[in-house]
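Only one structure is covered here, and it is reproduced in the block below.
The values are calculated or read from the model by the stated rules, or taken from the named source; none is laboratory data. Remember, it's a predicted structure, so these values are computed and weren't measured experimentally. Note that we place each Cβ from the backbone using ideal geometry, even for glycine, and neighbour counts take in every protein chain shown. SASA here: full protein model, heavy atoms, side chains in, ligands and nucleic acids out. Shrake-Rupley method; radii C 1.70, N 1.55, O 1.52, S 1.80 Å.
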Amino acid sequence: MTTVIAFIVALGLLIAVHEYGHYRVAVACGVKVLRFSIGFGKPLLRWRRQGSPTEFVIGALPLGGYVRMLDEREAPVDPAERHLAFNTQPLRKRAAIVAAGPLANLLLAVVLYAAVNWSGVQEPKAVLSSPVVGSLAERAGLRGGEWVTQMAAADGAPEAVRSFEHLRWQLTQAALSGEDVTLWVGRSEAEAGHPRVLPLSTLAVRDADAQLFQRIGILLPWSAPVMGEVMAGGAAEAAGLRPGDEVVAVNGRPVADAQQLRTLIRSAVGPAGQGVEQTWDVRRGGGALQVKVQPVPVEQSGVWTARVGAYIGAEPAMTLVRLGLVEGLGQAVNRTWEVSWLTLKMMGRMLIGEASIKNLSGPLTIADYAGKSASLGLSSYLVFLALISISLGVLNLLPLPVLDGGHLMYYLWEGVTGRSVSDVWMERLQRGGVAILLALMGVALFNDMTRLVAG
């Protein structure tokens, strides 16, 4: 139920803001708006404010919305109202009305990010877990347990690292830009730290996917190697392990943190795909014990890994990240720009085949993430809304017929040539745009179903 409610609220808010952008600017430009609708199909609710020509509607199918304006191309217009029709407006006004929807979504993202920045959000502290073997982090001398206090990309000035999420975001940006970064790491939050260089430019990154951080070697914040929830029928339960057990060593090898323990578990697979028994030294309460654990091998995409049927790791140390009025707003604008640019770059890479179309997500994935983010708290849900709002804004600005960006493309042609696109070409382009959009929706839904089956 949480997922359904969170999805409906997200969809309704994002559509309403988008359409309100069109509506508000249309009214400001002197265009008569006949209907403002959230959703399509049979109207569930409709009302009209006193003295307003606009009918407000909530439709039965909440998968979009529209603003219907007075327009001679759609229906005859009374000569006395011709100056109120959309098609009779100067080019600059028509372009402003069309661009207002996507820009409203981007503005909403700024407001949501700012609200999170001002209210504060609990995020994991920037303490590193054990690096991936052979990764850039390991080769840079990182071993796990280090506090990252500052970082700098290329020749930039060092910037304080507020949290682990902040660190990951900056690493993602630097990797996609092909820039090396310097981390200042120490053994405590107060220590100034020593510089460690991560040569991200050597990765030749095309995708901001899970493999990126495997190669960088920084996956998760540090957490203790403690057993969490133990699943019924799993290898951990069969070995007699309990929630709260701390794993000190595996096969005599000391375990530094939860990330190292996960790596040791996954590697417990023999050459023929059979599970390899491990001996765990465990601290329980004030005592110590030794148990035999038989991880269960699982094949994933042709690669064998092993599991024990338990959640591994204690909750990482958290910190409250809260920014002031000006800094919070500035960070919100900056994050909106960075996410917008990253989204645009990813779309471009998918278009030329440098990034997988598996990155496309449809309504099922969005609904799933809506429910998960809502269950984590208001701040997480607001960040989710900001991300989806940016995606909606950027998508609608693409020069694709039937989208707002497609109409702006027509207006650009009109501004350069002095004449509008002909009806014949308009119809052809619209048909092509619908075909492309339906194809993208089909791919997104296929990806959704694939994720559901795999998950």
Q) In whole Å and largest first, what semi-axes does the C-alpha gyration tensor of the stretch 285-330 yield when each eigenvalue is scaled by 5 and square-rooted? A) 41, 23, 5
(Q) Rounded to the nearest angstrom and ordered from largest down, what semi-axes does the equivalent ellipsoid of the stretch 91-155 get from its C-alpha gyration tensor (root of 5λ)? (A) 42, 18, 10
**Q.** Whole-number Å³ per residue for the convex hull built on Cα positions in the chain
**A.** 196
Q: Starting from the Cα coordinates of the stretch 225-327, work out the convex hull volume and express it per residue in Å³.
A: 153
Q.
Largest first, please: the extent of the C-alpha atoms of the stretch 257-304 along each principal axis, to the nearest Å.
A. 42, 20, 12
(Q) Net charge around Ser389, counting only other residues with Cβ within less than 15 Å of its Cβ (Lys, Arg = +1; Asp, Glu = -1)? (A) -2
**Q.** FRET E, pair Leu13, Val333, Förster distance 25 Å, beta-carbon r, rounded to 0.05
**A.** 0.80
Q. Tell me, what are the semi-axes, in whole angstrom and largest first, of the equivalent ellipsoid of the stretch 63-105 as set by the roots of 5 times the Cα gyration tensor eigenvalues?
A. 22, 14, 7
Q. What is the spread of the Cα atoms of the stretch 21-137 along each of their three principal axes, largest first, in whole Å?
A. 74, 35, 30
Q) Relative to the longest principal axis of the chain, what angle (0 to 90°, nearest 10) does the C-alpha long axis of helix 378-397 take? A) 50
Q) For the chain, what does -39500 (n - 2.57) per DSSP helix run (n ≥ 4), summed and divided by total residues, give at 222 nm, in deg cm²/dmol to the nearest 500? A) -15000 deg cm²/dmol
Q. Do any of Lys42/Lys345; Lys32/Lys372; Lys93/Lys345; Lys292/Lys372 go past 32 Å between their Cα atoms, and which?
A. Lys42/Lys345; Lys32/Lys372; Lys292/Lys372
**Q.** Rounded percent of accessible protein surface that carbon and sulfur make up, the chain, 1.4 Å probe
**A.** 61
Q. Using alpha carbon centroids, what distance separates the stretch 156-214 and the stretch 30-96, in Å?
A. 49
(Q) Starting from the 7 Å offset along Cα-to-Cβ, what nm value, one decimal, do you get for the label separation of Met231 and Ala435? (A) 4.5
**Q.** Rg/Rh (Cα only; Kirkwood hydrodynamic radius) as it applies to the stretch 127-237
**A.** 1.04
Q. Tell me, what is the per residue accessible area of the chain in Å², probe radius 1.4 Å?
A. 53
